[in-house]
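These notes concern the structure reproduced below.
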Amino acid sequence: MSSVYYTKDHEYISVDGDVGVVGISDYAQEQLGDVVFVELPEIGKVIKKGEECAVVESVKAASEIYAPVDGEVVEINESLEGNPVSVNEDAMGAGWFFKVKNIDAAQLDGLMDEKAYADYLMTLS
Amino acid sequence: MHSASSEQEELKTTPLFGEHEILGARIVPFAGYKMPVQYPGGIIAEHLATRASAGLFDVSHMGQALLKGVDHATVAGFLETLIPADILTLKPGKQRYSQLLNADGGILDDLMVSRSADPGQDGTLTLVVNAATKEADFAHISAHLPAGITLERKESWALVALQGPKAEAVLADLGADVAAMGFMSVAVCTVGGIAARISRSGYTGEDGFELSVADGDVVALWRRLLADDRVRPVGLGARDSLRLEAGLCLYGHDIDTRTTPVEADLLWSIQKRRRESGGFPGAAVVQRQIRDGVERLRVGILPEGRVPARDGTEILAPDGTPLGVITSGGFGPSVNGPVAMGYIKKSHATPGAAVRLMVRGKPVEARVAAMPFVPHAYKR
């Protein structure tokens with residue numbers, strides 16, 4: 001059973017064991033609109049919490065994605081290259097970006113769980 | 001995800017703002033107005049629907065005004081002192097695209113100028129200018145007005161655009177007899193019982209119309225047009241992707257005071273008599289550029305692969321020599337890939353020339369390309 005955590009910038013990390021799956025929330029994809037390209041990090045890249053780790057291109061703009069935690073990229077979602085619209089269609093599932101390991105568990109405590117994120121979204125509108 | 005928060009200054013609304021809210025539009029600040037960037041369904045769907053059927057745009061934020069004098073020669077003669085187009089020979093019922101120029105030949109704004117088909121209106125020209133520049137434009141024109149010519153701003157006029165291959169049939173079904181109108185012609189018609197000043201023109205590359213109506217009538221007109229299944233509302237997002245594929249300039253990006261009409265590849269909009277006789281601001285610069293050529297030219301750029309190259313992206317030669325910069329770029333839904341335009345050294349401004357774009361520090365191969373990226377479908 002995985003646990004999902006969210007950042008205030010609308011990235012999510014879904015943690016199962018020692019691997020986390022990173023992507024953007026359904027709210028984020030809705031805000032961005034039609035996604036036409038996703039630039040992903042290279043496998044093996046060590047990412048630092050808060051640093052830019054990917055870029056989402058929608059029709060109208062490029063948006064930077066920040067790492068939710070420290071970690072090492074171990075897999076990227078190569079299907080996004082041919083099918084970037086899956087970010088819109090299934091942000092929390094098929095539209096994932098990359099997987100990380102060597103996660104600092106203490107950093108997860110600083111993120112929002114489902115309930116806290118839902119409350120956070122309520123404050124944005 | 002990071003998104004820039006917009007300044008919540010005093011934003012204006014168009015008379016259609018309530019309609020955009022009812023339709024569930026995403027509203028963004030644009031040129032001092034709260035405008036719809038997209039409706040539910042998204043930019044790509046709106047873009048493709050405009051090319052396949054008909055899109056309806058609220059462009060009421062744009063500036064409309066009448067320039068009035070005793071007769072056509074008088075008012076056209078005055079306007080020609082500010083713009084390089086031939087307005088004297090503009091026929092009744094016709095419209096021309098031009099630019100307000102400064103003394104260096106730089107572009108203060110681009111605009112549409114039309115002459116009424118009604119002989120009773122002779123001596124009146126209709127101007128449509130960009131929203132972001134309308135205050136400065138009208139102040140500029142007013143500052144040059146000679147005795148006997150007046151500028152009447154029409155802030156009570158709303159403006160909508162109906163664009164796409166089904167636009168003519170949609171208007172015909174509402175009783176507007178527009179079939180005989182050619183591209184860049186204007187007429188006064190009744191659309192579903194509403195009096196409208198119509199021009200057969202637009203900003204999408206498609207056949208289409210712009211309809212200017214009284215602000216009190218525009219909600220009824222909007223609803224009547226949207227009641228037709230062939231029409232869907234289209235926001236600023238698709239307006240931008242449509243005009244980019246059509247190779248049309250966006251003021252503030254592709255043209256501004258640092259670019260001349262010659263550099264912007266808009267020489268087609270300066271008719272022969274004006275090229276030769278001058279008499280407009282910056283004529284000496286423009287004539288010299290026509291005679292001696294320019295150092296840089298606006299061209300189309302087609303990046304290879306899928307990565308969009310945005311405004312500000314550097315253009316290099318394959319050997320790394322700087323050549324210019326992208327001024328508009330993004331994803332073209334009809335092209336189904338990235339498209340862009342920008343300024344490049346004249347030596348490389350040839351369709352097919354290989355160039356390199358630096359996108360986030362990484363090279364993207366690209367080619368100079370002829371525009372439009374999607375053929376224009378104007379009714380000639």
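For the reader, a short list of remarks on this structure follows.
- B:SER269 vs. criteria open to solvent by less than 10 Å² (accessible area, probe 1.4 Å), polar (S, T, N, Q), within 20 Å of B:VAL368 (Cα to Cα) and within 15 Å of the chain's Cα centre (by Cα): no
- Index of the failed condition, A:LYS60 passing every other in (1) within 30 Å of B:GLY235 (Cα to Cα); (2) basic (Lys, Arg); (3) more than 10 Å from chain B (Cβ to nearest Cβ): (3)
- Which listed residue is open to solvent by 10 Å² or more (accessible area, probe 1.4 Å), without any contact (Cβ under 8 Å) to a residue 24 or more places away in the chain and either in contact with a helix residue (DSSP H, G or I) (Cβ under 9 Å, 6 or more places away or on another chain) or not assigned by TED's automatic domain parsing to the domain that holds B:ALA131 (or both), from B:GLY202, B:GLY193: B:GLY193
- Take the conditions (1) farther than 30 Å from B:GLU168 by Cα; (2) out of contact with any His (no Cβ under 8 Å at 6 or more places or on another chain); B:ARG380 misses just one of them, which is (1).
- Any hit, region A:30-43, residues being farther than 23 Å from B:ARG360 by Cα and within 13 Å of another protein chain (Cβ to nearest Cβ): yes
- Considering region B:29-52, the residues that are in a loop (DSSP other than H, G, I, E, B) and either open to solvent by 20 Å² or more (accessible area, probe 1.4 Å) or in contact with a Ser or Thr (Cβ under 6 Å, 6 or more places away or on another chain) (or both) include one that is nearest to A:ASN88 (Cα to Cα), namely B:GLY41.
- Matching strands (runs of 3 or more DSSP E) fully within region B:86-195 where at least 2 residues are more than 23 Å from the chain's Cα centre (by Cα) and closer than 19 Å to B:PHE209 by Cβ: B:186-191
- Residue match in region B:273-294 (condition: within 26 Å of the chain's Cα centre (by Cα), part of a strand (DSSP E or B) and surrounded by fewer than 22 Cβ atoms within 10 Å (Cβ to Cβ)): no
- Between A:ILE24, A:ILE47, the distinction of being within 25 Å of A:GLY110 (Cα to Cα), open to solvent by less than 70 Å² (accessible area, probe 1.4 Å), of a type in the set (Val, Ile, Thr) and within 14 Å of another protein chain (Cβ to nearest Cβ) belongs to A:ILE24 only.
- Here B:ILE344 does not fit the description of being touching a residue at least 60 places away in the same chain (Cβ under 8 Å) and either closer than 21 Å to B:PRO84 by Cα or part of a strand (DSSP E or B) (or both).
- Filter result (farther than 11 Å from B:ALA309 by Cβ and of a type in the set (Val, Ile, Thr)) within region B:352-375: B:VAL368, B:VAL374
- B:PRO146 exposed (fewer than 14 other Cβ atoms within 10 Å of the Cβ), assigned by TED's automatic domain parsing to the domain that holds B:ILE198 and either under 24 Å from B:ARG200 (Cα atoms) or not basic (Lys, Arg) (or both): yes
- Those residues of region A:77-117 which are buried (at least 18 other Cβ atoms within 10 Å of the Cβ) and free of Cβ contacts under 8 Å to residues at least 24 places away in the same chain, in sequence order: A:SER86
- Test: residue in region B:318-328 that is surrounded by fewer than 20 Cβ atoms within 10 Å (Cβ to Cβ) and within 25 Å of the chain's Cα centre (by Cα): yes
- Within region B:330-348, considering residues that are open to solvent by less than 20 Å² (accessible area, probe 1.4 Å) and of a type in the set (Gly, Ala, Ser), the one nearest to B:ALA180 (Cα to Cα): B:GLY332
- Whenever a residue of region B:251-274 is more than 16 Å from B:LEU111 (Cβ to Cβ) and assigned by TED's automatic domain parsing to the domain that holds B:VAL128, its partners that are open to solvent by 70 Å² or more (accessible area, probe 1.4 Å) and in a loop (DSSP other than H, G, I, E, B), lying with C-beta atoms within less than 7 angstrom and at least six residues away or across chains, give the pairs B:HIS253/B:ASP311.
- Note on region B:59-81: residues that are over 30 Å from B:ARG273 (Cα atoms) and open to solvent by 10 Å² or more (accessible area, probe 1.4 Å) total 1.
- Residue match in region B:249-269 (condition: under 30 Å from B:GLU21 (Cβ atoms) and away from chain A (no Cβ under 14 Å)): yes
- Candidates B:GLY342, B:GLY330, B:GLY361, B:GLY312: the one that is within 14 Å of chain A (Cβ to nearest Cβ) and either under 30 Å from B:ALA54 (Cα atoms) or touching a helix residue (DSSP H, G or I) at 6+ places or on another chain (Cβ under 9 Å) (or both) is B:GLY330.
- Given (1) of a type in the set (S, T, N, Q); (2) more than 21 Å from B:ASP256 (Cβ to Cβ); (3) open to solvent by less than 10 Å² (accessible area, probe 1.4 Å), index of the condition B:SER98 fails: (2)
The values are calculated or read from the model by the stated rules, or taken from the named source; none is laboratory data. None of these values were measured; they are calculated from a predicted model. Glycine gets a Cβ as well: all are built from the backbone with ideal geometry, and neighbour counts include every protein chain shown. Just the protein is used for accessible areas: all its heavy atoms, side chains included, with ligands, DNA and RNA removed. Shrake-Rupley method; radii C 1.70, N 1.55, O 1.52, S 1.80 Å.
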